[in-house]
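The values are calculated or read from the model by the stated rules, or taken from the named source; none is laboratory data. No experiment lies behind these values; they were computed from the predicted model shown. Don't worry about glycine lacking a Cβ; one is built from the backbone with ideal geometry, like all the others, and counts go over all protein chains shown. For accessibility, only protein heavy atoms count, side chains too; no ligands or nucleic acids. Shrake-Rupley method; radii C 1.70, N 1.55, O 1.52, S 1.80 Å.
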Amino acid sequence: MMPKEGESASVASLRPNLYAILGGRAGEDPDVVAQARKVTQDYMKDPASVPPDLSDEAVYIAAVHGDAALYDQYRAKLAQVKTPQEYYTYFYALANFNDPALLQKTLDFGLSPEVRNQDLNIIASVM
């Protein structure tokens, strides 16, 4: 799923969408989900190690198939990130977990003083 040397721009531009379809709620391909989990762990260790167009999709797919431990990792990352892109990658992924208890935690978080007014659309993302 990672970019290959010399591939065309058109192939590279399709990768994130294909990745999301195959690994997200629509496809749930086990190989893509496993790869997304690995890419997500790599991204959490070193964001520069993952192409930016794949990081959002990998973190999303991992969240869709994630558990409370991964949710807690994402929440912890919000305080450690170095760029707004990293912050919003984790922030919006919080709304993609399937466990109702985790979604409730996201709603509670979204209504807390920790979340700025301009970011309240996370509540709509949960819905």
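Some notes on this structure:
- Only one of 78, 94 that is within 18 Å of residue 60 (Cα to Cα), hydrophobic (A, V, I, L, M, F, W, C), out of contact with any Ser or Thr (no Cβ under 7 Å at 6 or more places or on another chain) and surrounded by 12 or more Cβ atoms within 10 Å (Cβ to Cβ): 78
- If you go through the range 57-69 and keep only what is part of a helix (DSSP H, G or I) and either surrounded by fewer than 20 Cβ atoms within 10 Å (Cβ to Cβ) or at positive phi (or both), you end up with 64, 68, 69.
- Considering 102, 107, the condition of being hydrophobic (A, V, I, L, M, F, W, C), surrounded by 19 or more Cβ atoms within 10 Å (Cβ to Cβ) and either modelled with pLDDT of 95 or more or in a helix (DSSP H, G or I) (or both) is satisfied by 102 alone.
- Scanning the range 68-127 for residues that are under 19 Å from residue 42 (Cβ atoms) and β-branched (Val, Ile, Thr) yields a total of 3.
- The residues of the range 110-127 that are assigned to a helix (DSSP H, G or I) and touching a residue at least 12 places away in the same chain (Cβ under 8 Å), listed by number, are 110, 119, 122, 123, 125, 126.
- Where a residue in the range 54-83 is farther than 18 Å from residue 35 by Cβ and its partner, wherever it lies, is open to solvent by less than 50 Å² (accessible area, probe 1.4 Å) and not in a helix (DSSP H, G or I), with Cβ under 7 Å and at least six apart: 71/97
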